[in-house]
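First the structure, in the form of structure tokens, and then the observations on it.
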Number of protein chains: 2
Amino acid sequence: VSPHDLALAQPPGSSGPGTQFLAEIKEQPQALLDLLQHRTDFDRVAATMRERSASLVRLVGHGSSDNAASYAVYAFGLEPRWTALRDSITLTVHYGTKLDMRGSTVLGLSQSGRTPDVIEYVERARKAGAFTVALTNELDSPLADAAEAVLPLTAGAEHAVAATKTYLNTLAALGLLAAAVAGRGAVFEESLRGVADQLNAFIPTLEQTIGAIAAPFTYTGRMFVVGRGAEFSTAREISLKLLETCRIAAEPITATDLAHGPVAALDPLFPVWLIASADKTLRAVVEAAARARTAGATLIASGSRAAAIKGAEYVLPTPEPASPLLGPLLSIVPGQLFAWAVARAKGLDPDAPRGLTKVTLAR
Amino acid sequence: VSPHDLALAQPPGSSGPGTQFLAEIKEQPQALLDLLQHRTDFDRVAATMRERSASLVRLVGHGSSDNAASYAVYAFGLEPRWTALRDSITLTVHYGTKLDMRGSTVLGLSQSGRTPDVIEYVERARKAGAFTVALTNELDSPLADAAEAVLPLTAGAEHAVAATKTYLNTLAALGLLAAAVAGRGAVFEESLRGVADQLNAFIPTLEQTIGAIAAPFTYTGRMFVVGRGAEFSTAREISLKLLETCRIAAEPITATDLAHGPVAALDPLFPVWLIASADKTLRAVVEAAARARTAGATLIASGSRAAAIKGAEYVLPTPEPASPLLGPLLSIVPGQLFAWAVARAKGLDPDAPRGLTKVTLAR
């Protein structure tokens, strides 16, 4: 029995608020390894994208799926140097605009495969000439049926309403696909194995210390979460976890946009979380931290360069990955565990936030 | 002296918090008409975009300029049926990724023409084969120098730090350019004249009533602003005004994304502002309102279909424009005046929010 197995073990029959959410946070390294069993699927889809010169990558999804789509902008930009965008569902589905989508790959992201407007977008995009691909946990779903190709997320059963494994595996799937398009799938697969090892090593440690760091934020009402570049997806996903599990009005913001207005709202009761990674955007994040500190905000720093954030009252360092594109797979974890700990301190249940259901059928 | 002139008149030498911000809100109809003097510039740039088949439109900007860029997704989608995207500055400027930008038009948005990373992005995009266009108030600026073509925003001098005329004229400029590409510049110009008339008629009326509606929100700490489709730009810009002038943690959110997590955070102290326009997304906005009301949130409704939001405690209707694409030019105004009134009630100065400067040189 390794330390990892001990940390994963739950007392038999354990339950209570947040039990599933915490268990699924810990299941992420294994879910990531499960995804790698399907690398040939990614190679196959990547080959079709290249053959069809479908090099404008349009992503559609909601919630955590849409947050992961932000990552794809960097994955496709840095790996095959293709342009990826979070496309407007409204333009195609509500306004009925017929865009010429030849030369486009559409990636429809939905854990359940049942998000109505994502399915409808994919159906219309396919008619408009796009190569359509579903990324979903449910291979037998309307989204999988609507798309020409399917990539499995293999996150396994996710019981907590707030997504964890799904988000991490969507990032990994998007990175793996982008790398496969660039002919570097094998290298990326290997680096994802390294990330799984790093996650296994640091999640149990962080679980032990997160309670003390989270406690002072039990009654926090609002927060900015700052990231830039590949880590903007992390800022978005941490904000969503804080909103849905802790009822904190958390807003993601890029390091530079903080200076374009929002900094004026800061004060000591408006903390700022900064994701500082080993990346060419680090200087911008460090400068944003200095502006936030000058405005009187309390600072929380996370990421592999958390120590670079001067004056941070709370520091949640993460291991440094083999390349900056892997950073978001590690830096999301402190946000997930922080949300779990704050929710527990507030007496909220992150497994089942009020007013939410696991499958969202809103259009 | 028309009622409009009376409303525009300031007592000689009047000053005090928010004087410039209010004056500039009122100057918007005239600024819009000034823009139309330059329609031939838009026709010329549109002709080049068509000749060069530069039909992937990449927009870059920060703050209000970036909010206006959200509008361009719909303007280019609905008019010439081209794909527009808010491009990643980080990918090109910080990571140094060399994307192939042949077939792209780049629209660099900056009131001052001095935003450092927008200038650098435009320089690199030009080398990468894009047709680069600067949209700026300052024709003699580094951004104008960096781009192949320049379109004047003609917003005139804007003294308040919080942008108003610049935002409205950026929307109008993007709409006019998109319409010109589609060969409908003359029709769009005419409809913008109609918008100027509508603005002149309703701004003075709204100014009289906004104080009573804004007063209950004097100590509000957080808010969601919901829009979808073309009105998502409005949701983003109203949120930014509330953040920078009133220190309210206001977050823009699409009607559908509200159901994907954030609705769990709502309670009676977390109001939701909904922009309800005569548009095919109205049903989604009405459904989002019902979800927010069920969660106990106080509702504020604005837009030409504000009356469709059942149970809204506060209603700020706007005139109905000739087409949905014009809606955002009218529906931003209640947000501007609301921010002005709340800031005054709080004793804050929207002309000069703490920690901000008119020209932001942050990277």
Contour minus Cα-Cα span, A:LYS127 to A:ASP145, at 0.36 nm per residue, comes to 5.1 nm
Rounded if a/c under 1.5, otherwise prolate or oblate - the stretch A:49-204, Cα gyration tensor axes: oblate
Using 0.36 nm per residue of separation minus the Cα-Cα distance, give me the extension gain between A:ASP197 and A:THR294 in nm, one decimal. 31.1 nm
Here the net charge surrounding A:ARG184, from other residues whose Cβ is less than 14 Å away from its Cβ (Lys, Arg +1; Asp, Glu -1), is -1
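I need the calculated FRET efficiency for the pair A:HIS38 and A:GLU320, taking r as the beta carbon distance and R₀ as 22 Å, to the nearest 0.05.
Computed FRET efficiency for A:HIS38 and A:GLU320: 0.20.
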Residue mean of other protein chain beta carbons inside 10 Å, A:59-71: 2
Partner chain coverage, peptide A:248-255 - average Cβ within 10 angstrom: 5
List the relative contact order of the stretch B:143-294 as a percent without decimals, with contacts defined as Cα pairs under 8 Å and 6+ residues apart. 18
If we hang a label 7 Å off Cα along the beta carbon direction at B:GLY194, how far is it from the matching labels on the other copies, in nm, shortest first? 6.0
Averaged over its residues, how many other protein chain Cβ atoms are within 10 Å of peptide B:218-227's Cβ atoms? 2
Using the 7 Å Cα-to-Cβ label point, sort the distances from B:GLN37 to its equivalents in the other copies shortest first and give them in nm to one decimal. 7.0
For the protein assembly as shown, the Rg and Dmax computed from alpha carbons only, in angstrom: 24.2, 87
Below 8 Å, C-alpha to C-alpha, sequence gap of six or more: please give me the relative contact order for the stretch A:229-294 in percent. 33
Helix-derived [θ] at 222 nm for chain A: sum -39500 (n - 2.57) over DSSP H runs of at least 4, divide by residue count, nearest 500? -14500 deg cm²/dmol
From the label point of B:GLN208, set 7 Å along Cα to the beta carbon, how far off in nm is each other copy's matching point, shortest first? 7.0
At the level of C-alpha centres, the distance separating the stretch B:188-251 and the stretch A:36-99, in angstrom, is 34
Low-density loop positions, trypsin sites (Lys or Arg not before Pro), the stretch B:13-70 - DSSP coil, at most 14 other Cβ in 10 Å: none
Taking the Cβ of each residue in A:TYR167, B:TYR219 as the centre, tally the other Cβ atoms inside 10 Å and list the residues starting with the fewest. B:TYR219, A:TYR167
Students often forget the sequence filter, so: which lysines lie under 26 Å Cα-Cα from A:LYS241 once same-chain residues fewer than 8 apart are removed? A:LYS26, A:LYS165, A:LYS310, A:LYS346, A:LYS358, B:LYS241
Per residue Cα convex hull volume in Å³ - calculated over chain A: 130
Positive-end residue of B:ILE238, B:ALA288, B:PRO317, charge dipole of the stretch B:224-363 with Cβ unit charges: B:ILE238
At a threshold of 8 angstrom on Cα-Cα distance, excluding pairs fewer than six apart, so keeping six or more, what relative contact order does chain A reach in percent? 20
Among B:GLY61, B:GLY183, B:GLY327, residue whose mean-square fluctuation peaks in a GNM of chain B (springs only between Cα atoms under 10 Å): B:GLY183
With Cα atoms, 0 to 90° folded angle of helix A:39-51 axis to chain A main axis: 60
What order do you get for B:VAL315, A:VAL161, A:VAL122, B:VAL181 when you list them from fewest to most C-beta neighbours inside 10 Å? B:VAL315, A:VAL161, B:VAL181, A:VAL122
Restricted to the protein assembly as shown, the DSSP antiparallel beta bridge percent, nearest 5, is 0
Length gain on complete extension for the stretch A:LYS280 to A:THR205, per 0.36 nm per residue less the alpha carbon to alpha carbon distance? 24.2 nm
Modelled FRET efficiency - R0 56 Å, A:ALA212 with A:ASP100, Cβ distances, 0.05 increments: 0.50
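How would you rank B:THR205, B:THR164, going from fewest to most other Cβ atoms within 10 Å of each one's own Cβ?
The most exposed by this proxy come first: B:THR205, B:THR164.
Computed from the coordinates by the stated procedures, all read-outs in this text should not be read as laboratory data. In this text, all values refer to a predicted model and were calculated from it rather than measured experimentally. Ideal geometry is used to build each Cβ from the backbone, glycine not excepted, and the neighbour counts take in all protein chains shown.
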